[in-house]
Structures are given as C-alpha cells and as structure tokens.
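**Student:** Handing you a structure now.
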Amino acid sequence: MKLIAPKTVPTHIISGFLGAGKTTLLQHLLSQKPEHEVWAVLMNEFGQIGVDQQLITHQQGYAVKELLGGCLCCSSQLPMQIALSRLLSESKPDRLFIEPTGLGHPAQLLEQLTEPHWQSSLDMRALVIVVDGSRLHDRNWVKQNLYSDQLKAAQIVVLSHTDCMTAAHHQAYGDLKQEYETYVQFWIEAEHGQVQIQQIDIAQQPLQRQIQPLLKLQQVQGATEQLPEIKQLPYHYVETAQGYTVAGWKFPKRWQFNFYDLLDLLCAQQDWVRIKGIFNTEQGWKSFNFNPQQFNYKSAEESVDNRIEVICQSTRDWLAFETQLLQCRIDPIDDQHNQIAHASQ
C-alpha cells in the first residue's frame, strides 16, 4: 500500500507594528477564500481582552482563535503550541493565517514554526510585514529597534495607508526600500489592504542566521562545534539573504567606546554595501549610518545596547574587524578574553 504524505497547511504570518493595518489586510485576504475550503486564523493580543477577533468575519468556512496575554513570538512556546495544535486538529484548515501582536518579534515566531516538530504540519509561506506609509516620517515610530527588527525579518513588505501618503512619505518609502533591500524580497503598495493571496503565496526562504559568542571568545575556547546558546551580551551574529552577508555585533550598554577610534575604523573599511551602528561613546551616544555615497554620524538617544551591522557581498576577515572594534573600547582590561567571557556578569 502506498503511503500518502500528510497534508501540510500553507501558513502565512501577517505581522507589523502597532496600527499598521494588519487586520485590514487580513480581512481582505480572507474574503478571497474559495467556497469549498476552510481557512483558519490564529490571532495574538498582547492584552487580556480580544478585539481583533470581533473584526474578522464569522461565517462558515472560517475558524478564528485568539491567544490572549503576552506575546506568542517571545513568551513561552507552550501556549502557542497548544493553541495551534488544537486549531489544526479541530478545524483541519486548508490555509492558516497567524497575526502576532504588533509588539512582537516575528522572526522568533518563524523560528519556532520552522522547527522539525511543525514541518509535517505547516508549509510556511513568506513572512509579511505591514508598514504604515503615512507614518514613515514619525521618528518615534521608525527609529525603534522593534520596527527595524520586523523589517529585517520580512520577505514581503505591504505598504498600507497609501492614500494618505504625501510626496515626503513617498521619498521616505524610497529610502526605506534602499535601506532594507538586502532583506526584503517583494514590496507591495496596498490601498485599504487590497492584496491578492497569490501575491503573498510564496515559499518562505530558509532561515540562515547564526548567533555565536564573540569571535575572539570562540578562538580561545576552540568553539567550532556545540556552541553554547546565546542568552546574554556580548555576541556576534551572521545572516545571509539574497546574496548578501550581514555580520553584526551586540555589546553591553555599559561598554563605552572612543568615538574617533570608531569613526576611523569604520571609514577605513572597504567593499561593503552598508554599515549601521549605535555606540555609547565618551561624547555620548552616537549613531553611524554609512552607505557608499554618504558617511553619516550624529548624536543619538540612549540605546538598549551597543550594536553594529556590516552588509557586504564578499567574504571578510570578521575576526580582524572584531579585534579592531574591541580595541576602540575606552576601558579595556589587560586580559581581554577574561573581559569578554565575563562581560554579562
């Protein structure tokens, strides 16, 4: 007897910052359901009172479940796994949509749903992030780390509220596309959430992110295998997407760096596509935003940590760069390796 492989459910994560228009987009997508299919929605509200569920059409062929309290992206996985398992077993949907809270980190949710446990049940489609086109000039909005993290996780960006956009907003949108071109594969301009399901029914690219201890620490430990799980700063990470490599570092907030040493180091780099960072320096917090046409740096608001990312299309000696980066610290300890190992203590 020939065994029939179990059906995997096409699964879409529809995420975005608070008020971006996720539910409006979801409503329009649900309106495209073929009559003979069952579609399901798992919604996550950060608070304890669900509102979004009441906005989704309740009729035959839909199964809607809310997960209230906390964030299914970064809280315990158990409530999400239970809710999702029940939704799949009870509804047996032909297509699934997951709408995490606007305060969530969708990359973490995607990592959970691509684990081996779910591979026989879910066919993950391209991660969709909704961006409010009318707020692209709101610095309190676009400069948040969470906003940036969501865009970096996106394979598809849907631009909402396009009817409210001014010429300045369109210019900011062009700048946004340039800034995140190494991450986002498709950009869709949608008025009132009008996106066709075929536009987002694209396979999710495999995750290729590797978070590891600092390279100097790896060298000391000989940590080539069985690297420990990273839970505290400092750490180094590498991402690959669409032919680009993104290497990044995060250091504790209390570490202080010499501004001019950092500037000299960054200006001396070659063959890169983009360099972005924010550091606690002796001259206050400073942000760096370099592209091949402009080297921009300025005072910045206090950040949750020191961080830097370098995007390039060629192989680099990241250990040499990290070594030079650590030498920019103002308060070096003679035993550098001991300093790194105990940085988070």
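The values are calculated or read from the model by the stated rules, or taken from the named source; none is laboratory data. As the structure is a prediction and not an experimental result, all values here were calculated from the model. Note that we place each Cβ from the backbone using ideal geometry, even for glycine, and neighbour counts take in every protein chain shown. Side chains included, ligands, DNA and RNA excluded: accessible areas come from the protein's heavy atoms. Shrake-Rupley method; radii C 1.70, N 1.55, O 1.52, S 1.80 Å.
**Student:** Looking at (1) assigned to a strand (DSSP E or B); (2) open to solvent by less than 20 Å² (accessible area, probe 1.4 Å), which one does LEU176 not meet, given that it meets all the others?
**Tutor:** Tallying (1) assigned to a strand (DSSP E or B); (2) open to solvent by less than 20 Å² (accessible area, probe 1.4 Å), LEU176 fails exactly one: (1).
**Student:** Can we say GLN232 is outside any strand (DSSP E or B) and modelled with pLDDT under 90?
**Tutor:** So GLN232 fits the description; yes.
**Student:** Answer yes if at least one residue in the stretch 218-227 is closer than 23 Å to VAL304 by Cα and either modelled with pLDDT under 90 or not in a strand (DSSP E or B) (or both), and no otherwise. Walk me through how you get there before you give the answer.
**Tutor:** In the first step, residues of the stretch 218-227 are kept if they are closer than 23 Å to VAL304 by Cα; the result is none.
No.
**Student:** Select from the stretch 7-33 the residues that are touching a helix residue (DSSP H, G or I) at 6+ places or on another chain (Cβ under 6 Å), closer than 19 Å to MET80 by Cα and hydrophobic (A, V, I, L, M, F, W, C) and list them in ascending order.
**Tutor:** Correct list: ILE13, ILE14.
**Student:** Further, regarding this structure: Can you pull out every residue in the stretch 279-300 that is at pLDDT 85 or above and assigned to a loop (DSSP other than H, G, I, E, B)?
**Tutor:** Passing the criteria: GLU282, GLN283, ALA300.
**Student:** Go through the stretch 310-341 and report how many residues are open to solvent by less than 70 Å² (accessible area, probe 1.4 Å), in a helix (DSSP H, G or I) and at pLDDT 85 or above.
**Tutor:** 8
**Student:** OK, next. Taking the stretch 273-290 only, how many residues are touching a residue at least 40 places away in the same chain (Cβ under 8 Å) and surrounded by fewer than 17 Cβ atoms within 10 Å (Cβ to Cβ)?
**Tutor:** Result for the stretch 273-290: 1.
**Student:** Being over 20 Å from GLY133 (Cα atoms) and part of a strand (DSSP E or B) is the filter here; which residues of the stretch 179-217 pass it?
**Tutor:** ALA203, ARG209, GLN210, ILE211, GLN212
**Student:** Here is a follow-up. Which residue out of TYR244, TYR260 is more than 14 Å from LEU326 (Cβ to Cβ) and at pLDDT below 95?
**Tutor:** Working: TYR260 fails: at pLDDT below 95.
Just one listed residue meets the conditions, TYR244.
**Student:** Within the stretch 240-259, is even one residue surrounded by fewer than 16 Cβ atoms within 10 Å (Cβ to Cβ) and small (Gly, Ala, Ser)?
**Tutor:** yes
**Student:** Among the residues that make up the stretch 260-267, is at least one of them more than 21 Å from ASP331 (Cα to Cα) and either open to solvent by 10 Å² or more (accessible area, probe 1.4 Å) or of a type outside the set (Ser, Thr, Tyr) (or both)? Don't jump to the end; show me each part of the working.
**Tutor:** Pass one, the stretch 260-267, residues more than 21 Å from ASP331 (Cα to Cα): 267.
Subsequent filtering for residues that are either open to solvent by 10 Å² or more (accessible area, probe 1.4 Å) or of a type outside the set (Ser, Thr, Tyr) (or both) retains 267.
Checked against the condition, which is being more than 21 Å from ASP331 (Cα to Cα) and either open to solvent by 10 Å² or more (accessible area, probe 1.4 Å) or of a type outside the set (Ser, Thr, Tyr) (or both), the stretch 260-267 yields at least one hit.
**Student:** Within the stretch 78-134, restricting attention to residues that are of a type in the set (Asp, Glu) and open to solvent by less than 40 Å² (accessible area, probe 1.4 Å), which residue is modelled with the highest pLDDT?
**Tutor:** From the stretch 78-134, those of a type in the set (Asp, Glu) are 90, 94, 99, 111, 115, 123, 132; that's our starting set.
Now narrow it down to the ones that are open to solvent by less than 40 Å² (accessible area, probe 1.4 Å): 99, 132.
On the way: GLU99: 87, ASP132: 91.
For the stretch 78-134, the residue satisfying everything is ASP132.
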